[in-house]
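Asks: Got a structure for you, written out below as structure tokens; questions coming shortly.
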Amino acid sequence: MLRIGIVDQYLDNWHCSHFPFYMRETIARLGYDAQITGAFAVQERPPQGGQCTKDWCRERDIPEASSMEELIADSDAIMVIAADDARCHEELCRLPLCSGKPVFVDKTFAPDAQASLRMFDLARRHGTPVFSSSAQRYCQSILDWQASHPARPRFVSTVGPHSLDRYAVHQLEVIVALMGPDIRRVKAFSCGSMVTQLILDYGGGRWASFMQTPQPYAEFNFMVSPDGETGARLASDDGNLYHNLMKAMLTFFMTGLSPVPEKETMAILSVIDQARIARNDPDVWYPL
């Protein structure tokens, strides 16, 4: 049986509370011999208050590990969540990335490109397979598009909510999944301190457009054009994205082969880094 452990800064958060449900459903659907066998949190409960570790584990019928070391020893694969704040990912991942066991790191992989370089380097030195992705990459509409369009499109446009640090990855994951990681440069336009509008230049007449609004409940919108003449809207949530992500994660845990190349994760972090600078210096190209 494949034993899966969960690590987080604290367990009472949306991703950590819902991923076990989606993982168990996916395991049952696919008939895999796998189970979530433990969870460990650095903090007893969220800073703003909420369910403690013991109650969280009891409610979800997941054994509580007494330490990170115990969780790693008792697991064949590890999920590092902490999706709300990537600043803690490097420290949370330190022991898992030294384990040699497959490690999934939830979005956003790292707070910046330099941290991600250190994390990938640590994993390589210990022979640890690493996989990180936003669930948006696994929208069924995006998977279907990729299956029916083997060539990279000429243009992709995305719109989405929230802040650059927490939610930009959802749009950039889609852009990089469809367009590839070889972004040459990025430019921002001034729309206000809480709005980020970017143009990503791939060269050769291939472009991507990114717009992020602070409205937390704005819907994601993904558009793709294979040739600059025709286009399609890709559904951002058709009810399958989390199950698709869990399937990809289980395959990764069993094979040790990441479905998302390191280069793509690095490209996403590099765009976020440059966007922080570019949105304060609008209409200037910044190379990646």
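Derivation of every value follows stated rules applied to the coordinates shown; laboratory data play no part. In this text the structure is predicted, and so the values were computed from the model without any measurement. A quick note on method: Cβ atoms are made from the backbone with ideal geometry, for glycine too, and the neighbour counts reach across all protein chains shown.
Asks: Check each of the GluC sites (Glu not before Pro) in region 216-288 and keep only those in coil by DSSP with at most 14 other C-beta atoms within 10 angstrom; list them in order. Could the numbers behind the result be given before it?
Replies: Working: sites: Glu219, Glu229, Glu262, Glu264; in loops: Glu219, Glu229.
Listed in order of number, the matching sites are Glu219, Glu229.
Asks: Using the crude model of +1 on Lys and Arg Cβ and -1 on Asp and Glu Cβ, and no other charge, please compute the dipole size for the chain relative to its Cα centre, in debye to 20.
Replies: Values: 27 positive and 35 negative charges, 122 e Å.
With Lys and Arg at +1 and Asp and Glu at -1, about 580 debye.
Asks: Let me ask another. Can you list the lysines whose alpha carbon is less than 29 Å from that of Lys263, not counting same-chain residues fewer than 8 positions off?
Replies: By straight Cα distance, Lys263 reaches Lys101, Lys107, Lys187, Lys247.
Asks: How much of the DSSP beta bridge set in the chain is antiparallel, as a percent to the nearest 5?
Replies: On the way: 22 of 47 bridges.
If we restrict to bridges inside the chain, about 45 percent are antiparallel.
Asks: Here's something else I'd like to know. Which one, Cys139, His126, His162, is farthest towards the positive end of the dipole of region 125-224 when Lys and Arg carry +1 and Asp and Glu -1 on their Cβ?
Replies: My answer, from the dipole projection, is His126.
Asks: Quick check on the chain: helices-only [θ] at 222 nm, where DSSP H runs of length 4 and up contribute -39,500 (n - 2.57) each and the sum goes over total residues. Nearest 500, please. Can you show the working numbers first?
Replies: Numbers: 9 runs with 110 residues, N = 288.
For the chain, the value works out to -12000 deg cm²/dmol.
Asks: For percent of Cα pairs over 28 Å apart, one of (i) 41; (ii) 33; (iii) 37 was computed from the structure I shared and the rest are decoys. Which label?
Replies: The listed entry that was calculated here is (iii).
Asks: As a footprinting exposure proxy, order Thr128, Thr251, Thr108, Thr158 by other Cβ within 10 Å, with the fewest listed first. Display every interim value, and only then the final one.
Replies: Working: Thr128 21, Thr251 16, Thr108 30, Thr158 26.
Ordered by Cβ neighbours within 10 Å, fewest first: Thr251, Thr128, Thr158, Thr108.
Asks: Report the relative contact order of region 2-133, percent, no decimals, based on alpha-carbon pairs under 8 angstrom and at least 6 residues apart.
Replies: Values: 247 pairs, mean separation 33.4, N = 132.
In percent, rounded to a whole number, it is 25.
Asks: Further, regarding this structure: Scan region 160-207 for trypsin sites (Lys or Arg not before Pro) in coil per DSSP, keeping those whose Cβ has at most 14 other Cβ atoms within 10 Å, and list them by number. Before the final figure, lay out each step's value.
Replies: Working: sites: Arg166, Arg184, Arg185, Lys187, Arg206; in loops: Arg184.
Of the trypsin sites (Lys or Arg not before Pro), the ones in loops of region 160-207 whose Cβ has at most 14 other Cβ atoms within 10 Å are Arg184.
Asks: Now a separate question. Which whole-number percent gives the relative contact order of the chain, counting Cα pairs below 8 Å spaced six or more residues apart? Before the final figure, lay out the partial values.
Replies: Details: 602 pairs, mean separation 52.5, N = 288.
Here the relative contact order equals 18 percent.
Asks: Quick one: Kirkwood hydrodynamic radius for region 2-133, alpha-carbon pairs, angstrom, one decimal? Mind dumping the intermediate values first?
Replies: Working: mean 1/r = 0.0676 Å⁻¹.
Across region 2-133, the inverse of the average 1/r is 14.8 Å.
Asks: Another question about this same structure. Hydropathy at least 1.6 by Kyte-Doolittle, axial extent at least 20 angstrom from the Cα trace: which helices of the chain, defined as entire DSSP H runs, fit? Mind dumping the intermediate values first?
Replies: Details: long enough: 14-30 (24 Å, -0.24); 164-179 (21 Å, 0.91); 241-255 (21 Å, 0.75); 262-278 (24 Å, 0.29).
Both cut-offs are met by no helix.
Asks: Let me ask you something else. Rounded to a whole number of µm²/s, how large is the Stokes-Einstein D of region 134-288 at 25 °C and 0.890 mPa s, given Rh as the Kirkwood radius over C-alpha pairs? Kindly include the intermediate steps, with their values, before the conclusion.
Replies: On the way: Rh = 15.8 Å.
Stokes-Einstein gives a translational diffusion coefficient of 155 µm²/s.
Asks: Determine the distance separating the Cα centre of region 217-288 from the Cα centre of region 22-79; give it in Å without decimals.
Replies: Region 217-288 and region 22-79 have Cα centres spaced 27 Å from each other.
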